[in-house]
Amino acid sequence: MAIEYTFSRVEAKCVCKDGDPDEGKVCEVVVGMTAVDGDHSAYIDTTVSLTGVDRAVPESLDLSEICNGAATDGDWKTSLASQISGQKDQPENWTGVLTAPAVS
């Protein structure tokens, strides 16, 4: 099965100071990605700071650029695939019943 990647978290944080020229504009975006492969999943996130002309009202943000940029810069697909691979390498609990022997 192929790993499926989704942006599972996108949260904008706005400047709220009265009188600030950027009041109401987004100064940070928390971006998170989840990877799922069958019964295994992994998650990673970061905060992207926006400055200058990149600050905008939430409705005007280029979320594709922000989210995909964070994922590319952090090499998230490789990291998440590695986490899932590590999970698959872990031994799983056997669901049968073992009968303990007598103490000798």
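Bear in mind these aren't lab numbers, they're just calculated from the coordinates by the rules spelled out. Computed from a predicted structure; not experimentally measured. Backbone-built Cβ (ideal geometry, glycine too); neighbour counts: all protein chains shown.
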Partners for Lys17 among lysines (Cα-Cα distance below 23 Å; same-chain residues under 8 apart left out):
Lys25
Rounded tilt (10° steps) of 76-89 against the dominant C-alpha axis of the chain
10
Angle in degrees between helix 63-73 and the longest Cα principal axis of the chain, rounded to the nearest 10:
50
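For each of Leu63, Leu50, Leu80, count neighbouring Cβ atoms within 10 Å of the residue's Cβ, then give the residues from fewest to most.
Details: Leu63 13, Leu50 19, Leu80 22.
Starting with the residue having the fewest Cβ neighbours, the order is Leu63, Leu50, Leu80.
Would you please give the FRET efficiency between Ala2 and Glu59, computed as 1/(1 + (r/R0)^6) with r the Cβ-Cβ distance and R0 = 41 Å, to the nearest 0.05?
Values: r = 34 Å, r/R0 = 0.82.
It comes out at approximately 0.75.
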I need the GluC sites (Glu not before Pro) found in segment 1-79, filtered to DSSP loop residues with at most 13 other beta carbons within 10 Å of theirs.
Glu23
For the pair Asn68 and Ser49, the simple spin-label estimate (label points 7 Å beyond Cα toward Cβ) gives in nm 2.6
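What ranking of Asp54, Asp62 emerges when the number of other C-beta atoms within 10 Å of each C-beta is taken as an exposure proxy, fewest first?
Working: Asp54 16, Asp62 11.
The order, fewest Cβ neighbours first, is Asp62, Asp54.
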Three principal axis lengths of the chain [C-alpha, angstrom, descending]:
80, 30, 18
